[in-house]
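Input: a single structure, listed below in C-alpha cells.
The values are calculated or read from the model by the stated rules, or taken from the named source; none is laboratory data. Quick caveat, the model's predicted, so the values are computed rather than measured. Here the Cβ positions follow ideal geometry from the backbone for every residue, glycine too, while neighbour counts run over all protein chains shown. Surface accessibility is based on the protein's heavy atoms, side chains included, excluding ligands, DNA and RNA. Shrake-Rupley method; radii C 1.70, N 1.55, O 1.52, S 1.80 Å.
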Amino acid sequence: MRAVARIVAEADGRGGTRLAVLRGESPLLPRRTGGSSGAGVTVHLVGGAAGPLRGDDLRVEVTVGAGAHLTVRSVAAQLALPGRAGLPPSRLVVHAEVAGELRWLPEPLIAAAGCDHHARTHVEVAEGGTLLWREDLVCGRHAEPTGTVSLSTTIRYAGATLYRHELAVAPDTGSPAVLGRYRALGTLVAAPALPATVLPATFRTTSSAAIMPLAGQGFLATAVGEDIREVRAALDPMCGAAEGAPGGAPQARDGFLAVGDGSHRVHAPAKPFAEREIAT
Amino acid sequence: MSLATLLVLADGRLPAGGHAHSGGLEAQVSAGRVRDLDDVAAFLRGKLATSGLVAAAFAAAACRRPGRWAELDGGLDARTPSPALRKASRAQGRALLRAGRAMWALPPIGREPHQPTALGVLAHAAGLGPEEAAVAAAHGTTTGAASAAVRLLALDPYAVHALLARLAPACDRIAGEAARHADDAVNDLPAAGAPLLDIGAEHHATWEVRLFAS
Amino acid sequence: MHPDHATPAGGAWPRPSENYVPHAHGPDEPPHTHPDPGVDPHQALAAGPRALRVGIGGPVGSGKTALVAALCRALGEELRLAVVTNDIYTTEDADFLLRNGVLPAERIRAVETGCCPHTAIRDDISANLDAVEDLEATLGPLDLVLVESGGDNLTATFSKGLIDRQIFVVDVAGGDKVPRKGGPGVTAADLLVINKTDLAPLVGADLAVMDRDAKERRGELPTVFLSLVEDRAATPVAEWIRILVGVRGPAG
C-alpha cells in the first residue's frame, strides 16, 4: 500500500493558524480535531487500516509556515506487522519544514514480532521556528519478541544538523549498551529550547531517563522503560506542559485505544496531563 | 601502510587518557545491567554496533579528509546528544593529540576535537589509510571497556581477552563497513545511537563518587 | 629542528640532541618525526615561564592530603598556587581541601583515574597535563602546582613528563621498616617526608632507625620528619618548596 499525507499550516493573518492543505489516503488520514480557539490547530492522524505491513510505502509531509502553530497527534499506536513474506520492508518517511511551531506528538510505534519496518524522519527547522518532536517505540506486543525496526532521524535547525540518530532493533540483539531488557523507548527533541513551561530542574536524571542539552540549540529527553507507561511517566509531563502553549487546548484521549488488528491494547493516560498527579 | 605503525596507534598503552574511561560500562554495572562476562559480551557487541560503528566511520572519514575535521566534529556533536559523552570524547581527543604530536607531524586540527576525529587525523599523519583508522577506532571501542570490566567486576582477565578475540571478526566487519563510508557526506555517515549509553553517561556524571571519568 | 619537516604551528617539538644524524626517507615510507631517545618530548618542562610542579605521592593514609592542605595554608598567601588531585574515588581529596577552606574551588582540579592512580601519574599523564593546562589557562600564570597522587603503594612514582620534583610521604604508623624496604618512592623522591611523628611512641616506631635507613637508601637526597598535629604549616616542606620556587624565578 502506498499513501501520502500532506499537511500545510499557515498563519491566517489574524493571529491564528489555518490549514492550507490537509489531505491523505488510507492508512494515513489526517483530521483536524479540536476547536478553532487559540492560535494553533491540532491534527490527528487516523489510521485507516492495520499496519504498516511489509510492502507499505508511506509518506507524511508537513509544512508549518512562519507564525503558524501546529500540533500533530495520532489516535492510536502505529502497529508494524509482518505482512506477506517476500515483500520489501514497510517504510514510513516523514518530512517536515518548520518556520512556525510544530509539535509532533504521535502515539508509539509498536514493532510486532516478525515485522520489518523502516522509518526515516527529516525535519528542517528554520531559524526562529520551534519544534517539539516525540518518537516512542515499543519492542513487541505483550509477551512477544520484538520485530525488526530501523529508525533514522535527522533534525536540522537554522541550516545545521542538530540531532542525527539511528536505531536498529531486531530479535535477539538486546545489549545493555543500547536498550538492554527494556521494551520501550521514548525520545523528545526540543529546538531551539525546551518549552518555557518545562523546568529541567524538576526532572530527575535516573539510570533510565535523562534530559540532555544538545551541542546545538536544542534538547533531547530520552527515557527507557519495561513498558510504555514508564516512558510516558518520564516524557509526557514535558509534552503535557507544552499544551498550555498557543497550540490549543489539550485533547482528551480515550482511556484505552484499540490498536491495529485489535488483538492488543495500549494503555494511554485517561486524563490530560494537567490533571494527572505526575504533572504536579 | 605500516602494520607496526597501526599497532602503535591502536596500543592500549598509548598515553592518550583512555585508562580513565570505562566507555559507559561503569554506569551500566552500577545500574545492575552488566554483572558478568556474558553481560560484558552483550554490552561490547551493542557498543561496537552503535558508537563503535560511528567512531570507526568518523575516524575513517577524518583520515581520508583531515582538512574537514571541523565539519566531522560537528557531525559527531549531532550524534552525541549526551553532554557527558561529548566531554569525554573531546577530553580523549585532546589527550590523543598530545600523544600524536609527539609521534607524528600533525596537520592543523583544533585543540579539543572528538576522539574519532583526532584518531583519523593521527592515522593520516602516520601514513595509515581509512580502513586502518576504522579498525583502530572499533578496536579501541571494545578494549577500553573490556579493560574497565576487568577492574570493575574483577573478571578473569583471560576470559575477557578470550571475549575480545571472539569479537575481533565483528571489529573487522564494523571497520570495513565504516571505511566504506569514508567519502560520504557528513549527514550520511552512520549515526547508530545507543540510548542506554547516553542515559547512563548523564546519570554517571551526576554521581559524587565514581571510579572512571566516563 | 628536524631538517626534513617544517615546524608545526605552535609546535612543541623536541630538539634533537647533538648527536642526531639525519637520514634519507624512502618514497613509500609514511611521514614521521624522530623523537630522539635522548630528549624528553615534553618540551614545556625544560625551564620556562610556567609553574613549578611538585608531585606528592605515598601510600594510602600516610597524610598526603593533609600535607597538601598544610602547604596551601603555608604558601597560599605568598605564591600563586593550584592543586590537582588524583583520587581513587574522583573528588574525595578535592572535597577535603574545599571543606577545609585552604584553597578556593577554582584552584583545585580533580582527575579521575579509572581505578589506577599510579597510571594517571606515571604511564598516561594526559589527564593530569590537561588539568594543569586548564588551571593555568583559567587562573593565569602560577608559581606552584601541587599534583597529589591517589593513595597507592610504595612503587608509585610520578613521570618526569608531569612534575619537576616529587615528595614521597610515608608515616610512622606504617611501621619503621618502610624506609628500609625502599621502593622507587622512598629511594628516588626528591624529598621524603616521614609523617605523623607524634604517633611514634604509640605505635612503637623508632625514628632513629627510620632516619638511618632513609639515609642509607637515599644517599644525599633529603628526608624530613613531620607532625602536622604539632606543625600545621608543614614548615620544613614549605621551606623546601620556597627555595625551589625561588631558584626557578617567577612565572611569566
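Of all the residues in the stretch A:195-213, those that are in a loop (DSSP other than H, G, I, E, B), surrounded by fewer than 17 Cβ atoms within 10 Å (Cβ to Cβ) and either more than 7 Å from chain B (Cβ to nearest Cβ) or at pLDDT below 65 (or both) number 4.
If you take the residues in the stretch A:167-188 that are within 18 Å of the chain's Cα centre (by Cα) and open to solvent by 50 Å² or more (accessible area, probe 1.4 Å), which one is nearest to A:G216 (Cα to Cα)?
Looking at residues that are within 18 Å of the chain's Cα centre (by Cα) and open to solvent by 50 Å² or more (accessible area, probe 1.4 Å), I get A:A168.
Please go through the stretch B:155-190 and pick out each residue that is more than 28 Å from B:A78 (Cα to Cα) and open to solvent by 10 Å² or more (accessible area, probe 1.4 Å). B:L155, B:D156, B:P157, B:Y158, B:A159, B:H161, B:A162, B:L164, B:A165, B:R166, B:A168, B:P169, listed by residue number.
Put simply, of B:L106, B:L97, B:L152 the only residue that is open to solvent by less than 50 Å² (accessible area, probe 1.4 Å), in a loop (DSSP other than H, G, I, E, B), within 11 Å of chain C (Cβ to nearest Cβ) and out of contact with any Leu (no Cβ under 6 Å at 6 or more places or on another chain) is B:L106. From the set of residues in the stretch A:214-228 that are in a strand (DSSP E or B) and of a type in the set (V, I, T), which is farthest from B:S82 (Cα to Cα)? Once the filter is applied, the top-ranked residue is A:V224. Take B:A10 and tell me if it is farther than 30 Å from C:L162 by Cα and surrounded by fewer than 24 Cβ atoms within 10 Å (Cβ to Cβ). Judged against the criteria, B:A10 is not a match. Note on the stretch A:1-19: residues that are surrounded by fewer than 14 Cβ atoms within 10 Å (Cβ to Cβ) and more than 27 Å from A:A80 (Cβ to Cβ) amount to 3.
Summed over the stretch B:57-75, the residues that are open to solvent by 10 Å² or more (accessible area, probe 1.4 Å) and at the interface with another protein chain (Cβ under 9 Å from one of its Cβ atoms) give a count of 1. Going through (1) free of Cβ contacts under 8 Å to residues at least 60 places away in the same chain; (2) more than 24 Å from C:V229 (Cβ to Cβ) one by one, C:F158 falls short only on (1). Checked against the criterion of being touching a residue at least 60 places away in the same chain (Cβ under 8 Å) and either closer than 21 Å to A:A177 by Cβ or not hydrophobic (A, V, I, L, M, F, W, C) (or both), the candidates B:L96, B:L37 yield just one match: B:L37. Between C:G150, C:G185, the distinction of being crowded, with 21+ Cβ neighbours inside 10 Å and touching a Leu at 6+ places or on another chain (Cβ under 6 Å) belongs to C:G185 only. Within the stretch B:18-30, residues that are in contact (Cβ under 8 Å) with a residue 40 or more places away in the chain and away from chain C (no Cβ under 11 Å) sit with their Cβ atoms under 8 Å from residues that are surrounded by fewer than 24 Cβ atoms within 10 Å (Cβ to Cβ) and among the basic types (K, R), at 6+ positions apart or across chains, in these pairs: B:V29/B:R35. Screening the stretch A:77-131 for strands (runs of 3 or more DSSP E) wholly inside it with 1 or more residues that are open to solvent by 20 Å² or more (accessible area, probe 1.4 Å) returns the ranges A:78-80, A:90-98, A:101-104, A:116-125.
Of everything in the stretch C:231-252 that is at pLDDT below 90 and assigned to a loop (DSSP other than H, G, I, E, B), the residue that is surrounded by the fewest Cβ atoms within 10 Å (Cβ to Cβ) is C:G252. Please enumerate the residues belonging to the stretch B:178-214 that are among the small types (G, A, S) and either within 12 Å of chain C (Cβ to nearest Cβ) or within 26 Å of A:G225 (Cβ to Cβ) (or both). B:A191, B:A192, B:G193, B:A194, B:G200, B:A201, B:A205, B:A213, B:S214, listed by residue number. Residue-level check: of (1) within 16 Å of the chain's Cα centre (by Cα); (2) open to solvent by less than 20 Å² (accessible area, probe 1.4 Å); (3) within 13 Å of another protein chain (Cβ to nearest Cβ), C:R109 misses just (2).
In this structure, C:D164 qualifies as open to solvent by 30 Å² or more (accessible area, probe 1.4 Å), touching a residue at least 12 places away in the same chain (Cβ under 8 Å), touching a Lys or Arg at 6+ places or on another chain (Cβ under 6 Å) and under 30 Å from C:A51 (Cβ atoms).
Checking the conditions here, which among B:L48, B:L44, B:L9 is within 14 Å of chain A (Cβ to nearest Cβ), more than 27 Å from A:V189 (Cβ to Cβ) and of a type in the set (A, V, I, L, M, F, W, C)?
B:L44
Working carefully through the options B:D73, B:D39, find the one that is farther than 28 Å from A:G218 by Cα, modelled with pLDDT of 95 or more and acidic (D, E).
B:D39
Examine the stretch B:111-120 for a residue that is assigned to a loop (DSSP other than H, G, I, E, B), closer than 23 Å to B:R180 by Cβ, open to solvent by 20 Å² or more (accessible area, probe 1.4 Å) and more than 9 Å from every other protein chain (Cβ to nearest Cβ), and state whether such a residue exists. Looking through the stretch B:111-120, none of the residues is assigned to a loop (DSSP other than H, G, I, E, B), closer than 23 Å to B:R180 by Cβ, open to solvent by 20 Å² or more (accessible area, probe 1.4 Å) and more than 9 Å from every other protein chain (Cβ to nearest Cβ).
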